[in-house]
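The values are calculated or read from the model by the stated rules, or taken from the named source; none is laboratory data. Because the structure is predicted, anything quoted here is derived from the model rather than measured. Quick reminder, even Gly has a Cβ in these numbers, built from the backbone with ideal geometry, and neighbours come from all protein chains shown.
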Amino acid sequence: MSWTEGVLSLGVGIGLAAAAGLRVFLPLLILGLAARAGVVPLTPSFDWLASGPGITVLAAASLVEVGAYYVPLVDNLLDLVAAPLAILAGIVLTAAVTTELPPELRWAAAVIAGGGAAGIVQALTSLTRLKSTAFTGGTANPVLATFELAGSVVTAIVAIVLPVVALLVVAAVVVAVRRLRRARPA
């Protein structure tokens, strides 16, 4: 294992996990398609993501999820279900692409970094949708859903094509959070 390959695969995983915080199934579908095309290697136990049935199920789930976010009130209810699913998807995505890491490190990184990234993004989008519903009566929610959809697709593709960018974004967020914590009055 080279250190660089391990870090880059972790960048792919964290980027995909963040995308799962926006839409649960799309990043899994995008990863499955990328793996099937030979762009991204998968940990052997996750080869099912690139299988024909796996891609079919993920495509159907993605269509249902995307469509449901355009239905008033269903979008808010979906956020309740999407929160734990996003965390689980973040863990799966990170574990699936960290092929260069030993299993103990892979799963620790998947749970902490992958699940954490997906959970944080999902919590922020749920809070944003809740505020949008409160302030606009839900009329702005389809616009929000469109931005989230685009964000999920772009983030997943960037994570696969440019994993260094995903790592830089994560590092920037960590630095920003630390600075905000220090700047808050005690």
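A few remarks follow.
- Close pairs (6 angstrom Cβ cut-off, 6 or more residues apart or separate chains): at positive phi in the range 1-24, at pLDDT 95 or above anywhere: none
- Failed criterion for ALA159 (all others in (1) surrounded by fewer than 19 Cβ atoms within 10 Å (Cβ to Cβ); (2) at negative phi; (3) not hydroxyl-bearing (Ser, Thr, Tyr) hold): (1)
- Hits in the range 81-120 - residues which are within 30 Å of GLY137 (Cβ to Cβ) and either free of Cβ contacts under 8 Å to residues at least 12 places away in the same chain or acidic (Asp, Glu) (or both): VAL81, PRO84
- Set LEU88, LEU130, LEU105, LEU167: member being hydrophobic (A, V, I, L, M, F, W, C), surrounded by 15 or more Cβ atoms within 10 Å (Cβ to Cβ) and modelled with pLDDT of 90 or more: LEU88
- Of all residues in the range 49-73, those satisfying the criterion of being assigned to a helix (DSSP H, G or I) and loosely packed, with under 13 Cβ neighbours inside 10 Å are GLY52, PRO53, THR56, ALA60, VAL64, GLY67.
- Matching option when the condition is farther than 21 Å from GLY137 by Cα and hydrophobic (A, V, I, L, M, F, W, C), among LEU49, LEU77: LEU49
- Among residues of the range 133-156, those that are surrounded by fewer than 16 Cβ atoms within 10 Å (Cβ to Cβ) and more than 13 Å from the chain's Cα centre (by Cα), counted: 10
- If the condition is being outside any helix (DSSP H, G or I), crowded, with 23+ Cβ neighbours inside 10 Å and not small (Gly, Ala, Ser), then the range 5-48 contributes LEU22, ARG23, VAL24, VAL40.
- Selection within the range 48-69 - β-branched (Val, Ile, Thr) and closer than 23 Å to ARG129 by Cβ: VAL64, VAL66
- Any chance ALA145 is closer than 20 Å to ALA35 by Cβ and part of a helix (DSSP H, G or I): no
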